[in-house]
Each structure stands twice: as C-alpha cells, then as structure tokens.
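Contents: one structure, followed by commentary.
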Amino acid sequence: MRVHTSFSVVIRLLLWFVMIVGGTVYALMCDWHNPLFTNIFFHLVCGILGIVILKLAFNAAANGGRELAQGRVGNIPRLETNRLVTSGIYSCMRHPMLFGLTLLPLGWALLLGSPTFITIVAPLEMLFIIVMVMVFEEREAEQKFGEDYLWYRQKVPMISFKLMCLKQLFGFKKGTIA
C-alpha cells in the first residue's frame, strides 16, 4: 500500500524524527555520568510520568485526527484537508492535534529519564513545534481557506486550557480515560 502525502507533511515528519532521535542522542551523551541518570527512584517516577504524558499526547493526536478527517473530501493526500473543520474539539482550539503532539518530547524525555532532555532539549523542541505551527500551519490554513480561516482565527484560540476543551482533547469520559 502506497501512502500519498504532501511534501510539506513529509518535511515536518522528518523534522519530528530528527528532533526526537537527535535530542535523545545528545541528551544521553550529556547524562551518561550524571548521578541522577543512574538513580532508580528518579527513573521510576519519570517513567510513570512519561507514560501518562505520552498517553495524553497520543489521545490528543487521535481525537484531533478523527475530527480532522471530516475535512477530507475526495481523493486528497493523507494528513491533508480540503474543508475547514470548526466543530468538536476544533470549536475549542485551532490546533488540538499539534497541541497534544507538543507533549511528545517531554513524555519521551521523562520515559528516558534524561535530566538534560527533560530540562533543556524537550522544552526547546516543544518551543520549536509551537513556532512551526505559528509559522507554517497558520499560514497554510490561511492560504487554503482564506476569509473563512481569518474569521475562524478571530473566534477560536490556537490552543485552549479550558477544562472542558482539555477533557475533550485528551479523551476523558465520565470516570475513564480513553
């Protein structure tokens, strides 16, 4: 099976891969002789937090992606849309999937138990992701959807920390986690 996607999406996926792998290698090299890196209790606590954050990030990506699929009409490349989606989680925030995926570097850093990755590399990667959204995603959406997107952008924030929106984003149902 061949997956068709745009050059822009391929470049972004490649950047994600380079950031995660490069950050991992750099951080592990920095932490190899750090006493905290060899502390079992530190790894246990970080590992549990890392799993929770990664679960939230993947839930956000899946929930946002499911709703974003409504924006695919016809035969267009995977991970692309040709219709502006403004319902569901997209009525709370413009970039729910990317907001969730911004948590990936932190979750991965915690899972590795790397102090350098947790305190330096992950925050820098998270900032880079936010800048990519602001520079590329916003501009592409404006070019693709024009006035409709400008109106949407005025009404809906890029991200939202409202409890209702976060519950919807991360898939919390009454008493359970999706």
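What follows draws every value from the coordinates through simple rules; no lab data is involved. All values reported here derive from a predicted model rather than from experimental measurement. Backbone-built Cβ (ideal geometry, glycine too); neighbour counts: all protein chains shown.
Between 129, 48, 11, the GNM of the chain built on Cα springs shorter than 10 angstrom shows 11 fluctuating the most.
Give the angle, between 0 and 90 degrees and rounded to the nearest 10, that separates the Cα long axis of helix 7-31 from the longest principal axis of the Cα atoms of the chain. Between helix and principal axis, roughly 10 degrees.
Among 81, 24, 38, the largest mean-square fluctuation in a Gaussian network model of the chain, built with springs joining Cα atoms closer than 10 Å, belongs to 38. Whole-Hz Karplus values for region 55-70 come out as 4, 4, 5, 5, 4, 4, 5, 5, 5, x, x, 4, 6, 5, 4, 5 Hz, taken residue by residue from phi with 6.51 cos²θ - 1.76 cosθ + 1.60 and θ = phi - 60°; glycine and proline positions read x. Considering only 106, 44, 56, the mean-square fluctuation computed in a Gaussian network model of the chain, springs between alpha carbons under 10 angstrom, is largest for 44.
Got the relative contact order for region 39-104 handy, in percent, Cα pairs under 8 Å and 6 or more residues apart?
41
Can you pull a Stokes-Einstein diffusion coefficient for the chain at 37 °C (0.692 mPa s), Rh from Kirkwood over Cα pairs, as a whole number of µm²/s? In µm²/s, the coefficient is 186. Entry note, the chain: relative contact order of 29 percent, from Cα contacts under 8 Å with a spacing of 6+ residues. In plain terms, the C-alpha convex hull of region 31-108 casts an average shadow of 6.6 nm² when viewed from every direction.
Just want to confirm a number: the relative contact order over region 68-144, from Cα pairs under 8 angstrom separated by 6+ residues, in percent. Relative contact order, region 68-144: 20 percent. The chymotrypsin sites (Phe, Trp or Tyr not before Pro) of region 102-178 meeting both criteria, a DSSP state outside H, G, I, E and B (loop) and at most 15 other C-beta atoms within 10 angstrom of the site's C-beta, are 161.
Grab the other residues whose beta carbon is less than 12 angstrom from that of residue 142, score K and R as +1, D and E as -1, and report the net.
Working: positive: 94, 139, 144, 153; negative: 137, 138, 140, 147, 148.
Taking every Cβ under 12 Å from that of residue 142, the sum is -1.
Considering only 27, 37, 7, the residue lying farthest towards the positive end of the dipole of the chain is 7, judged by Cα position with unit charges set on Cβ.
Of all aspartates and glutamates in the structure, those lying under 16 Å Cα to Cα from residue 167, and not within fewer than 8 positions of it along the same chain, are 67. Applying 1/(1 + (r/R0)^6) with r as the Cβ-Cβ distance of residue 69 and residue 135 and R0 = 22 angstrom yields a FRET efficiency of 0.35. The angle separating the long axis of helix 122-132 from the principal Cα axis of greatest extent in the chain is about 20 degrees.
In region 1-65, inverting the average of 1/r over every pair of distinct C-alpha atoms gives 14.7 Å as the Kirkwood radius. Rounded to the nearest 20 debye, the dipole size of the chain about its Cα centre is 620 debye, using +1 on the Cβ of Lys and Arg and -1 on the Cβ of Asp and Glu.
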